[in-house]
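Below is one structure, written out as structure tokens; comments come after it.
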Amino acid sequence: MDKNVEFLNYIYQNAEMGKNTLSQLIDITEDDNYKELIKSHLITYITIYDNTEKELQEINKKAKGINIFPKSSTSTMINLKTMLNKSPSHISEMLIQGSTMGIIDMTKKLKEYNNVKGYVLSIANELLTFERNSIEEYKKYLQ
């Protein structure tokens, strides 16, 4: 398979995971200010998700989303981890952990796919920068 398509699909799935997670957490969090932060981050994930899908369509490829098992297990874990504690601090801790894993994985993928086209690298770097910035914003809510 074309390395550009492979990497675009990876970015697409990464953005999809962020999109799904934050969509679920918006309904869980009870703090209005925190909910606004999550909504703004959700918009960024949706934008990256949509842009990646558009790029795949432009090269006549269909985006491959996340399989049902990882989707459902992530959703279940979020529900379990927030059942007793819905505080912004606790949710931020969860999101920092998820974003850190995303940064590690994306950094590895950028090294692995360093020969892909510039527009693919640009989207990947946009997502990586967003994840780094998100962590800094979530840190403000830790207690």
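The values are calculated or read from the model by the stated rules, or taken from the named source; none is laboratory data. These figures come from a predicted structure and were not determined experimentally. As a convention, Cβ positions derive from the backbone with ideal geometry for all residues, glycine included, and neighbour counts pool all protein chains shown. Just the protein is used for accessible areas: all its heavy atoms, side chains included, with ligands, DNA and RNA removed. Shrake-Rupley method; radii C 1.70, N 1.55, O 1.52, S 1.80 Å.
Candidate membrane-span-like segments in the chain, meaning DSSP H helices with Cα atoms spread over at least 30 Å of their own axis and a Kyte-Doolittle mean of -1.0 or above, are 3-28, 32-58, 88-112, 118-139, with no membrane implied. Report, in whole Å, the centroid distance computed from the Cα atoms of the stretch 28-46 and the stretch 105-143. The two parts, judged by their Cα centres, are 19 Å apart. Averaging the sequence gap over all C-alpha pairs within less than 8 Å and six or more residues apart, then dividing by the number of residues, gives the chain a relative contact order of 33 percent. Here the sum of -39500 (n - 2.57) over DSSP H runs of 4 or more residues, divided by the residues of the chain, equals -28000 deg cm²/dmol at 222 nm, to the nearest 500. Applying both filters, DSSP loop and at most 16 other Cβ atoms within 10 Å, to the trypsin sites (Lys or Arg not before Pro) of the stretch 1-103 gives 61, 62, 64, 86.
Just to confirm a number: summing +1 for Lys and Arg and -1 for Asp and Glu over residues other than residue 110 whose beta-carbon lies under 14 angstrom from that of residue 110, what do you get?
Taking every other residue near residue 110 into account, the sum is +1.
Values of log10 I(q)/I(0) for the chain across q = 0.08, 0.13, 0.20 Å⁻¹ run -0.22, -0.57, -1.21, by the Debye formula with one identical scatterer at each alpha carbon and no solvent.
Accessible surface calculations at 1.4 Å, restricted to protein heavy atoms, place the stretch 70-112 at 59 Å² per residue.
Taking 125, 14, 133 as the candidate residues, the one with maximal mean-square fluctuation in a Gaussian network model of the chain, Cα springs under 10 Å, is 133.
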